[in-house]
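These notes are about the structure you will find just below.
The values are calculated or read from the model by the stated rules, or taken from the named source; none is laboratory data. Just so we're clear, the structure is a prediction, and the values are computed from it rather than from any experiment. Note: ideal-geometry Cβ built from the backbone for every residue, glycine included; neighbour counts use all protein chains shown.
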Amino acid sequence: MQTNKILAYKERGHRVKIEQTKIQRDWMDDTQNRHAYKCFPVSLVNTIGYSISFLDDIEFIWDGISDTNPDHVKIITCGQNVCNTNRANGTISFNTGLYFKTDENISIISISPPNYFIDGAFAMSSIISTSFYQDSFPVAWKITRPNKNIIIPAGTPVATLIPISISSLSNFEMDLYDKEYNHEDKEKIIEKLNVLRDLSKEGKFSNFYRDAVDHNGNSIGRHEKKSINLKLNDFTEKI
């Protein structure tokens, strides 16, 4: 299978880190017996893409006014040459110090890091044509809660980058029908609900979806992939 190569360059000395997004989340660790990790769709998406984080805490506050004046957002703490408010309109931007080069048929979509939550602000999404884009990869957050100190602890991802082919996406076509999809008879549906209820009472997770089986353990298909493995060959000098 052909490997799609991405060339990445980091400004020397810039206190930024890029890595495959990790599965761990503090709030998932805090669930009883780490129960949240039993949810296969959540655990899988946790590892999608490459995450960008900074090695220093970031703290800022917005006065609630959204206009073209950048002074409505005050940066309290931030690493050197990392944060700016030039976008204004209740946003804060980050200089990632990261530059990417891809083939023409590959772009990079930047999304809010899956299942990370910062009260009062979130990462904005964008798509960059990295085959020709020559500037530091842009990341910005929209602030949603005014007059509150927003803190992004060091090491917390500020964006997740996912390589995609926009051309491939454009080849999809969806057919929408106004009719029932579930072909199971009522008896089987009730049987399945009873199994799920009993498992829930015992504090267990069904794993039906994770294992692609029905409630009787019979195979109903298979996943495209059950894990996401991204490589990052780090040739940089360690900070």
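Please work out which residue is nearest to L161 (Cα to Cα), limiting yourself to the range 209-239 and to residues that are in a loop (DSSP other than H, G, I, E, B) and among the small types (G, A, S).
Within the range 209-239, the first condition is being in a loop (DSSP other than H, G, I, E, B), and the residues that meet it are 212, 214-218, 220-239.
Next cut, among the small types (G, A, S) only: 212, 217, 221, 227.
On the way: A212: 28, G217: 36, G221: 29, S227: 17 Å.
Top of the filtered list is S227.
What residue, among those in the range 67-86 that are part of a loop (DSSP other than H, G, I, E, B) and either touching a helix residue (DSSP H, G or I) at 6+ places or on another chain (Cβ under 9 Å) or not hydrophobic (A, V, I, L, M, F, W, C) (or both), is surrounded by the most Cβ atoms within 10 Å (Cβ to Cβ)?
T85
Restricting the search to the range 18-36, which residues are closer than 28 Å to N233 by Cα, in contact with a helix residue (DSSP H, G or I) (Cβ under 8 Å, 6 or more places away or on another chain) and buried (at least 16 other Cβ atoms within 10 Å of the Cβ)?
T21, I23, R25
If the requirement is being over 30 Å from Q20 (Cα atoms), at pLDDT 95 or above, surrounded by 11 or more Cβ atoms within 10 Å (Cβ to Cβ) and not acidic (D, E), which of these qualifies: P138, P146, P157?
Every option except P146 fails the conditions.
Could you list, in sequence order, all residues of the range 94-109 that are of a type in the set (S, T, Y), outside any loop (DSSP other than H, G, I, E, B) and buried (at least 19 other Cβ atoms within 10 Å of the Cβ)?
Listed by number, the list holds a single entry, S107.
Can you give me the number of residues within the range 1-43 that are assigned to a helix (DSSP H, G or I) and touching a Ser or Thr at 6+ places or on another chain (Cβ under 7 Å)?
1
Taking the criterion of being acidic (D, E) and without any contact (Cβ under 8 Å) to a residue 60 or more places away in the chain, would at least one residue in the range 118-129 satisfy it?
Among the residues of the range 118-129, at least one is acidic (D, E) and without any contact (Cβ under 8 Å) to a residue 60 or more places away in the chain, which makes the answer yes.
Considering each residue of the range 45-66, count those that are exposed (fewer than 15 other Cβ atoms within 10 Å of the Cβ) and in a strand (DSSP E or B), and give that number.
Going through the range 45-66 one residue at a time, the tally reaches 0.
Condition first: without any contact (Cβ under 8 Å) to a residue 60 or more places away in the chain, polar (S, T, N, Q) and closer than 30 Å to R87 by Cβ. Can you find one or more residues in the range 165-177 that meet it?
Within the range 165-177 (the criterion being without any contact (Cβ under 8 Å) to a residue 60 or more places away in the chain, polar (S, T, N, Q) and closer than 30 Å to R87 by Cβ), the answer is yes, since at least one residue qualifies.
Please enumerate the residues belonging to the range 177-201 that are surrounded by 11 or more Cβ atoms within 10 Å (Cβ to Cβ) and at pLDDT below 80.
E184
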